[in-house]
Ligand code: AGP
């Protein structure tokens, strides 16, 4: 997520802006910049790829005077992380500077129209299109900046929080919001603006949260004004902040992991946005469509990944084989890279990595590429090493994942894999229309369904107290739920340090069932699917040996539920999408057990967020 900071008042803006950017560093970013109207009334922009500290070095010995400015940390969505793509962006005349958090979905259409009207572009960002559009509207209509913003935003499709300053108007910041957060802080003769309250709270605890479709007119000489796109005044609700900075960084949650678990309804909406048509008839992953011949002629797909990403790969295997009838092999990247694998130009290698920096996965990609395979990346961090080493790919767009235990990235990876299978299946004609529309319909509902599952938090918290002192756990599942069992076990062991194993449910009778007794908690994922009856049989085998079972079932289930010692019900959904929903209760179970044990869930012992070494 990008970070926005603004200031207008009686102090030196630069100091407050830079400090505010530091406060927002936790959000993750790849470049930073600041725009100031200095004491000579010049509008200047300073911006660099890299960290806020790099920006500070860049502005040494430069004119950073002035008491009004806006600043930005960029989490790249369109355009690589570099100096040119960093924000703020100038308009063509250089008289307007704009910063933006979000995604302009129709930027390409708007850009073409502006180019047709003589506009040129320095960057490859959607944001620069917005500032040029605002200037174009202002020039064409001879109107004020506020009016131009109101007209321009009516033409924009997407999500945004923006802030704008204009040369010749050193008293006013204009800010607007749709889907991306924006907060105004009210001081004594000064105003603050930010993506969240963390850069504001040390100066003022009086804040106004801007709502969707609202524009804030922040003028140092006037009371705050908030209007909509038709210039109708909006009610201004001033709230008093009562959270610490640390709490604010976590959105009020006690840990980043819990915040990220609870973000999944929104992050999957962002992941799907612009890729599933509103009418549900089309799924488009541009990285696939731009390379359709590769996918149509692929002899085999090899998925390389590590850890949680490898679990997502196992789900992707079943999706792709079910919908595209292309054979898929899933490889631990660390094994693949040293095994001298047989790979050819007819193979597609899909590399899955949240960080895009995992050393084993990067090495596997480089090996496969040297063998002539077509490399497709599924990453979260834009411009990361793995994403740059691929021929094409699809970002999961879930925002920075701070907690070491992966949660929202996992569900984002599985969602992108589902969209890839749907896109390729449609291209190959190996997926029937009814099934396609059923899966796409459920995919569109996933963000809402996840929010329903998140309401189980209290039940799962209560359940966690029963098992806090278990020494071992078994997680069982079949088919699409087998990788969910693996992922649930990994979540538990990496943050609570309880030994946990995931197993295909049918494998129990080939050894592990010897472990079953009344001290062995067993999580069985038995949601409605084509192997449900078989899973119920495994459940009965465990009960016959006095195992304690926590069963995950689809709402309305009676059979597996009747066998459960503890039952968690999730909404029914297309079988191939069940892993997205079913993993969430297991994330919560692991989180609460670890908290009960007093563990550091955000930074568990011995673990790193990105394993950049072998
Ligand atoms: C997941 O909870 C772990 N933190 C770990 O297994 C992780 O998935 C693995 O290291 C791969 O990381 P990547 O997705 O960034 O490549």
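Side notes on the structure shown:
- Matching helices (runs of 4 or more DSSP H) fully within the range 334-452 where at least 2 residues are within 11 Å of the ligand (Cβ to nearest atom) and at pLDDT 95 or above: 359-370, 408-428
- Taken together, the criteria exclude residue 134 from residues that are surrounded by fewer than 18 Cβ atoms within 10 Å (Cβ to Cβ) and either within 28 Å of the chain's Cα centre (by Cα) or under 22 Å from residue 73 (Cα atoms) (or both).
- Meets criteria (more than 11 Å from the ligand (Cβ to nearest atom), more than 30 Å from residue 25 (Cα to Cα), touching a residue at least 60 places away in the same chain (Cβ under 8 Å) and in a loop (DSSP other than H, G, I, E, B)) for residue 320: no
- Qualifying positions in the range 138-161 - within 17 Å of residue 178 (Cβ to Cβ) and in a helix (DSSP H, G or I): 146, 148, 149, 150, 151, 152, 153
- Sole residue being touching a strand residue (DSSP E or B) at 6+ places or on another chain (Cβ under 7 Å), more than 14 Å from the ligand (Cβ to nearest atom) and assigned to a loop (DSSP other than H, G, I, E, B), chosen from 326, 278: 326
- Of everything in the range 292-317 that is buried (at least 16 other Cβ atoms within 10 Å of the Cβ) and assigned to a loop (DSSP other than H, G, I, E, B), the residue that is nearest to the ligand (Cβ to nearest atom) is 306.
- Where residue 222 falls short, out of the listed (1) closer than 26 Å to residue 103 by Cβ; (2) part of a loop (DSSP other than H, G, I, E, B): (1)
- The range 365-389: number of residues that are farther than 29 Å from residue 1 by Cα and surrounded by 24 or more Cβ atoms within 10 Å (Cβ to Cβ): 2
- Residue 165 being crowded, with 23+ Cβ neighbours inside 10 Å, closer than 22 Å to residue 232 by Cβ and in contact (Cβ under 8 Å) with a residue 40 or more places away in the chain: no
- Neighbours by Cβ (under 9 Å, 6+ apart or cross-chain): first from the range 283-310, within 18 Å of residue 483 (Cα to Cα) and free of Cβ contacts under 8 Å to residues at least 24 places away in the same chain; second more than 16 Å from the ligand (Cβ to nearest atom) and assigned to a helix (DSSP H, G or I): none
- Complete set of residues in the range 69-90 that are assigned to a strand (DSSP E or B) and surrounded by fewer than 24 Cβ atoms within 10 Å (Cβ to Cβ): 90
The values are calculated or read from the model by the stated rules, or taken from the named source; none is laboratory data. Note that this is a predicted model, so its numbers are computed, not measured. Quick reminder, even Gly has a Cβ in these numbers, built from the backbone with ideal geometry, and neighbours come from all protein chains shown.
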